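First the structure, in the form of structure tokens, and then the observations on it.
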Amino acid sequence: MQPDDGSRPDLGTVPDAVFRLDAEGRFTYVNAAAEFLLDKRAEDLLGHTAGDCFPAAVNSLAEERYWQVIADGQPREFDFFFEPQQRWYEIRVFADPPGISVFFRDVDSRYRADARREAELRRFASVLEALPSATVLVDSDGRIVTGNRAWESTLAVPQRSLGVPGSDYLEAVRTGLAPSDVEAIDAGLRRLLAAPTGTVPVTFDHEYPRSTPTTSSWFRLQASRVELSQRVVITHTDITERVRSEQALAWRARHDELTGLPNRGTLLDLVAAALAAGSGEEGPRVALLVLDLDGFKTINDSLGHGIGDQLLRQVGHRLAAALRPGDAVGRLGSDQFVVLAHDCDSAEAAGLAFRLQSTFTRPFPASGISVPLSASVGVAVAQPDARDPHQLLSDADAAMFAAKSMGRDRVRLFTPGLREAARWRLEVATRLRDEAVDQLVVHYQPVVRLDTGAVEGVEALVRWQHPERGLLPPDTFLSVAEETGQIIPITRWLLAETTRQAAEWAAQGLPLRMSVNVSARHFAAETLVRDVRLALRESGLPPDRLVLELTETSIAEDPTRAEDQLKVLRRSGVRVAIDDFGTGWSSLAQLFALPIGILKIDRSLLAAAEQVTGGESGAVLTAIVALTRTLGIQAIAEGVETAEHLRMVREAGCDLVQGWLLGHPMPAADVPGWVRGVQDAGGDVCALAAAGTPLRAVR
Ligand code: C2E
Ligand code: MG
Ligand code: MG
């Protein structure tokens, strides 16, 4: 049987071809399919031996098998390549006594496709081997076809038995994965397989963590479809190191390196979340507390940054330990910490503030020494409509600032008035950096001898001629200048301006001693000696006409540093005064070890002495003055406002006086006229003042 047109129909549809051979190998039966495949008619075959009909098959594998089956009766099955046709056949041979039955079919195209696929797989496997990442080839039904060596040892597959060829890919990788990751991988692979052929490149990418009780690793899965084969090749790259370093970086961006606490940004995020979460009727009930360590700069400067760092870490630990679960502590920077408390009204927040302060009662051990610390705490409680975390922080900050200005170890609750103060501080800080330095003016207050009533000198007191607010006293802006460091250029300017002024007055026949206030910051900057020398050189003012006033607290911050600089200045002839004596807690011994020439007794002592009056008024004053005498130091009484004050300080034995009774601070232009007015009226300011004579300036 042969088709008319000579072409072969689709062989897959042809049923099995069958023929029979007798014990001698002669054809006894041939069906139509066999006629077709053998390409011979039945009549040409029947009665002839296979060897006669197909000389090419003599001694072939097929012939050998036929004889074997005829001999032993055991069925045989094999693939056979028939040379003359250049095709593959699948042959099954059964005993059919006395001969055999042979079933066969053309499997050429299937055989060749399989061979091709296998070669492809072998090629593929060698490509996979070359890949460093664990890689598998997965079939359309999700089973593993093959994997490379890296796959055999990858951590992406926890159980080796699961990753072998033939097993389910998803099962192999699913242990230790979050269900959402398993789902994502499953869906991704399905999508790849379902994509219509030709829509290349079809790829899928997914990063996921895999955790075991002891470790956790990260993988990047990249899958792409092998076009035309309905298979997917999947690589697994261990990205644990990269993810860890990214995580470490992210952690560092959100935390304070030194203490490991959340940083400012993180805390603000937490506050924002707390404010948003509490948007119910009651409002957020969130409180923020800013803690600033008192005098920490001095500790850092004197004990070194190593100890400073240890202390900050300990403070962080103690604060964290004092919090309720859910509340948070962070570090704002330098010596400032911030605490976020949930479910807190003003009273509870204040309670918390005191509790936090009490964590400072025990001193902090560091490198074998024990350091006492305290903190000033500002508390701000969120208003019901509060949404802005920055505002809450700046309120708490303003409260902290107010607490600080009340002294050490204080707690202060935020009030709206403080917001205004904070705004003002900000304005001052920015303006002082820019134009405001040119708007500073100096007023001069007379310093008078008590014995003769003669004008001894003046104290220079700075003011800010604010374009909108008018003349501002120093306490409205100097503390900000100290904070920002602007105080140093300001003092430098003051030294130049006041020495120039004193020299000018001296040239006019008015030799006045000039007192200038110097801030503690200037000691720390260590430019004081240089700045003073420069001012004296430029102005030509003799050094003994200059007095530097320092508050006792400014010296107490770093006595050694102060002492070194003051000694140099003293040797050059400049005089040093301790200002506001009686307002600090400095050790007298320490103070009097310094090369000081003048002690200015604060007016608060005068006021206190006045309270106790009843005849033997100023016992304290007298004692202080007696002390200065013993040490060879001059005593100035500050803030003499009344005739009674004047009487008291005279009785106590002060050398010099200063105060509204004798003369208010005045602009430079008024000073010569005022002094001349005094001289014209007899020259004794004390007598004139005690008599109630108004001191008129003569221009
Ligand atoms: P201080 O150095 O103790 O200056 C004396 C302050 O007392 C001045 O206040 C002065 O105006 C005021 N005063 C004078 N007599 C009387 C009086 O009889 N009664 C009362 N109640 N007050 C009187 P002022 O000018 O407001 O200065 C305040 C403080 O600001 C100064 O205290 C000083 O510590 C600081 N300061 C002023 N000018 C400068 C400066 O140029 N540099 C620095 N670093 N600080 C300055
Ligand atoms: Mg002063
Ligand atoms: Mg003073």
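The values are calculated or read from the model by the stated rules, or taken from the named source; none is laboratory data. Owing to the predicted nature of the structure, the values given are computational and were not obtained by experimental measurement. Every residue, glycine among them, receives a Cβ derived from its backbone with ideal geometry; neighbour counts consider all protein chains shown.
The condition of being closer than 23 Å to residue 401 by Cα and either under 19 Å from the mean Cα position of the chain (by Cα) or not basic (Lys, Arg) (or both) holds for only one of 312, 303, 275, 258, that being 312. State which residue is nearest to the chain's Cα centre (by Cα) when the search covers only the range 216-253 and only residues that are assigned to a helix (DSSP H, G or I) and surrounded by 14 or more Cβ atoms within 10 Å (Cβ to Cβ). Looking at the filtered set, the residue picked out is 243. Is it the case that some residue within the range 646-660 is surrounded by fewer than 17 Cβ atoms within 10 Å (Cβ to Cβ), within 16 Å of ligand 2 (Cβ to nearest atom) and not hydroxyl-bearing (Ser, Thr, Tyr)? Yes: the range 646-660 contains one or more residues that are surrounded by fewer than 17 Cβ atoms within 10 Å (Cβ to Cβ), within 16 Å of ligand 2 (Cβ to nearest atom) and not hydroxyl-bearing (Ser, Thr, Tyr). I'm trying to understand the selection: among the residues of the range 448-475, which are farther than 15 Å from residue 515 by Cα, within 16 Å of ligand 2 (Cβ to nearest atom) and surrounded by fewer than 19 Cβ atoms within 10 Å (Cβ to Cβ)? Matches in the range 448-475: 473, 474, 475. For the range 466-488, residues that are in a helix (DSSP H, G or I) and either acidic (Asp, Glu) or within 12 Å of ligand 1 (Cβ to nearest atom) (or both) total 10. Close contacts from the range 655-668, counting a first residue that is part of a strand (DSSP E or B) and a second that is away from ligand 3 (no atom under 15 Å from the Cβ) and not charged (D, E, K, R), with Cβ to Cβ under 6 Å and a gap of 6+ residues or different chains, come to 657/448; 657/450.
Taking the range 261-379 as the region of interest, the helices (runs of 4 or more DSSP H) fully inside it that hold 3 or more residues being at pLDDT 90 or above and among the hydrophobic types (A, V, I, L, M, F, W, C) are 264-277, 305-321, 346-358. Taking residues in the range 532-559 that are closer than 19 Å to residue 636 by Cβ, and partners anywhere that are within 16 Å of ligand 3 (Cβ to nearest atom) and among the hydroxyl-bearing types (Ser, Thr, Tyr), the pairs with Cβ atoms closer than 6 Å and at least 6 places apart or on different chains are 547/515; 549/515; 552/586.
For the range 582-593, the count of residues that are under 27 Å from residue 665 (Cα atoms), in contact (Cβ under 8 Å) with a residue 24 or more places away in the chain and of a type in the set (Phe, Trp, Tyr) is zero.
Filter the range 533-556 for residues that are of a type in the set (A, V, I, L, M) and away from ligand 2 (no atom under 16 Å from the Cβ) and give the result. Explain how you work it out, then say what you get.
Residues of the range 533-556 that are of a type in the set (A, V, I, L, M), as a first pass: 534-536, 541, 546-548, 550, 555-556.
534, 535, 536, 541, 556, listed by residue number.
When the range 539-562 is limited to residues that are among the acidic types (Asp, Glu) and more than 19 Å from residue 516 (Cα to Cα), the one that is surrounded by the fewest Cβ atoms within 10 Å (Cβ to Cβ) turns out to be 558. Screening the candidates 213, 209, 165 for the property of being under 35 Å from the mean Cα position of the chain (by Cα), surrounded by fewer than 16 Cβ atoms within 10 Å (Cβ to Cβ) and assigned to a loop (DSSP other than H, G, I, E, B) yields one hit, 213.
The residue that is nearest to the chain's Cα centre (by Cα), among those in the range 633-662 that are within 16 Å of ligand 3 (Cβ to nearest atom) and on the phi > 0 side of the Ramachandran plot, is 639.
Take the range 657-683 and flag every residue that is hydrophobic (A, V, I, L, M, F, W, C) and under 24 Å from residue 473 (Cα atoms). Talk me through it step by step, then tell me what you get.
The first filter runs over the range 657-683 and keeps only residues hydrophobic (A, V, I, L, M, F, W, C), leaving 657, 660-662, 666, 668-669, 671, 674-675, 678, 681.
Residues satisfying the conditions are 657, 660, 661, 662, 666, 668, 669, 671, 674, 675.
Is one or more of the residues making up the range 563-574 surrounded by fewer than 21 Cβ atoms within 10 Å (Cβ to Cβ), within 16 Å of ligand 2 (Cβ to nearest atom) and of a type outside the set (D, E, K, R)? No, that holds for no residue. Annotation: of all residues in the range 527-573 being among the hydrophobic types (A, V, I, L, M, F, W, C), closer than 21 Å to residue 457 by Cβ and at pLDDT below 95, the one that is nearest to ligand 3 (Cβ to nearest atom) is 550.
Specify the residue that is modelled with the lowest pLDDT; the eligible residues are those in the range 407-421 that are loosely packed, with under 13 Cβ neighbours inside 10 Å and assigned to a helix (DSSP H, G or I). Only one residue tops the list, namely 420. Among the residues of the range 489-529, which ones are polar (S, T, N, Q), in contact (Cβ under 8 Å) with a residue 60 or more places away in the chain and assigned to a helix (DSSP H, G or I)? Result: 501, single match.
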